[in-house]
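J.: Questions regarding the structure given below will be posed in turn.
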Amino acid sequence: MSLHTLQESAVRYFLEVVRTGSVKDAALKLNVAPSAVSRQVARLERELDTLLFDRHARGMVPNAAGELLAAHAKRVQQDIERVAGEIQGLRGLRSGRVRVASTEGFAFDFLPTLISRFRAKHEGIRFHLEVCPPHEIPGRIRDGEADVGITLSAVPEPGIRIELRHPSPILAVMASDHPLAGQRQLSLRQVAAYPLGLPPRDSSIRQLLDISCSRQGLQYVQAMSSNHANALVSFAAAGGGTIAFYGELSIRTQLKSKALVAIPLKDREMNERHLEVETLAGRSLPDAGKAFVRFLTDAIKASA
């Protein structure tokens with residue numbers, strides 16, 4: 001095997017097939033012909049004298065050798081990014097890139113505002129913000145597609161470092177003229193008497209709501225469902241007595257307009273949710289990533 005093979009574009013093409021699961025999708029991402037991707041993967045397999053994928057009708061899955069090569073290639077990419085960041089750091093935080101993966105709620109208002117504030121101090125830092133379902137964020141970090149993840153707590157994930165775990169209780173969100181808008185705290189029993197705007201059943205809000213209602217024997221009327229949380233907030237803001245659910249950080253700007261109110265809930269399940277800031281365990285982030293993680297965690301702590 002030629003040692004320089006593992007440092008060439010063939011590995012980039014190989015990694016994209018690993019990430020997308022198919023030659024065709026990898027080619028679209030790379031903006032090259034599928035035949036070019038196939039040739040590069042075949043070249044790697046020839047040089048290494050082993051197959052790297054199990055090929056199925058629905059796509060390509062890396063075998064044990066493929067997983068080993070992918071892990072090595074990702075470490076090499078991360079090391080290059082870290083060294084480049086350290087070189088840039090010799091001149092101060094004047095350039096660099098930070099890739100953030102976030103759930104929808106934090107990506108709508110909280111993170112863009114925070115990124116803008118960060119860039120006011122370090123205008124040479126570029127950001128990419130990608131919205132993902134919570135269960136996909138640890139994988140994006142492990143695959144090297146994101147430097148920082150902001151998500152809602154779930155089961156512990158292997159290879160993930162928790163930079164911050166912070167309470168993120170679910171609030172009842174309603175128009176400022178709603179009959180319950182003047183209350184300082186509400187119970188789900190009170191809320192369930194009104195029509196609700198709800199996210200899908202696999203969301204953390206919906207799961208905790210259903211657990212709490214089941215425990216108390218409560219039934220509710222779902223007036224609207226959507227996989228877009230901000231659509232539900234807009235639905236509640238439009239009036240009609242409807243109520244939605246969200247975290248305070250996610251709608252802080254809307255609350256300043258006084259058109260909406262967000263009221264804490266007494267029920268214990270609705271207060272068991274946590275925000276997590278995640279990075280890859282064992283990885284030393286480039287200076288720009290380190291600085292943004294500090295900035296992010298300080299901002300979240302200050303919001304309490």
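J.: On full extension of the chain, what length is gained from His135 through Ala42, given 0.36 nm per residue of separation minus the C-alpha to C-alpha distance?
T.: 30.2 nm
J.: Taking 25 Å as R0, compute the FRET efficiency from the Cβ-Cβ separation of Ser176 and Met224 and round it to 0.05.
T.: E(calc), rounded to 0.05, equals 0.80.
J.: Could you order peptides 170-182, 242-254 by the average number of other Cβ atoms within 10 Å of their residues, highest first?
T.: The most tightly packed comes first, giving 242-254, 170-182.
J.: Pop a pseudo-label 7 angstrom from the Cα along the beta-carbon direction at both Arg19 and Arg201 and give the gap in nm to one decimal.
T.: Reported label-point gap for Arg19 and Arg201 is 3.3 nm.
J.: Any idea how far apart Val32 and Leu51 come out in nm if each label point goes 7 Å out from Cα toward Cβ?
T.: 2.3 nm
J.: Under the rule a/c < 1.5 gives rounded, and otherwise a/b versus b/c splits prolate from oblate, where does the chain land using the Cα gyration tensor?
T.: Prolate.
J.: Would you compute, from DSSP H runs of 4+ residues alone, the mean residue ellipticity of the chain at 222 nm, taking -39500 (n - 2.57) per run and dividing by the full residue count, rounded to the nearest 500?
T.: -13000 deg cm²/dmol
J.: Now a separate question. Spelling out what I want: for every residue of segment 233-239, take phi, set θ = phi - 60°, compute 6.51 cos²θ - 1.76 cosθ + 1.60 (Karplus), and round to whole Hz; glycine and proline get x.
T.: Computed from phi, the couplings for segment 233-239 are 5, 5, 4, 5, 5, 6, x Hz.
J.: Okay, next question. Accessible area per residue for segment 170-271 in Å², computed with a 1.4 Å probe and the full protein assembly in place, what is it?
T.: 48 Å²
J.: Oh, and also: Can you give me the % of accessible surface on the chain that is carbon or sulfur? Probe 1.4 Å, all protein chains present, nothing else counted.
T.: Of all accessible area on the chain, carbon and sulfur atoms account for 52 percent.
J.: What's the angle, to the nearest 10 degrees (0 to 90), between helix 287-302's Cα axis and the longest principal axis of the chain?
T.: Roughly 10 degrees, rounded to the nearest 10.
J.: Right, next: Using the Cα centre as the reference, give the magnitude of the dipole from point charges on the C-beta atoms of segment 9-73 (Lys, Arg: +1; Asp, Glu: -1; all else neutral), rounded to the nearest 20 debye.
T.: 260 debye
J.: Excluding ligands, DNA and RNA, what is the solvent-accessible area per residue of segment 9-73 at a probe of 1.4 Å, expressed in Å²?
T.: Value for segment 9-73: 56 Å² per residue.
The values are calculated or read from the model by the stated rules, or taken from the named source; none is laboratory data. If you're wondering where the values come from, they're calculated on a predicted model, not measured in any experiment. Note that each Cβ is placed from the backbone with ideal geometry, even for glycine, and that neighbours are counted across all protein chains shown. The area values use the complete protein model at the heavy-atom level, side chains included, leaving out ligands, DNA and RNA. Shrake-Rupley method; radii C 1.70, N 1.55, O 1.52, S 1.80 Å.
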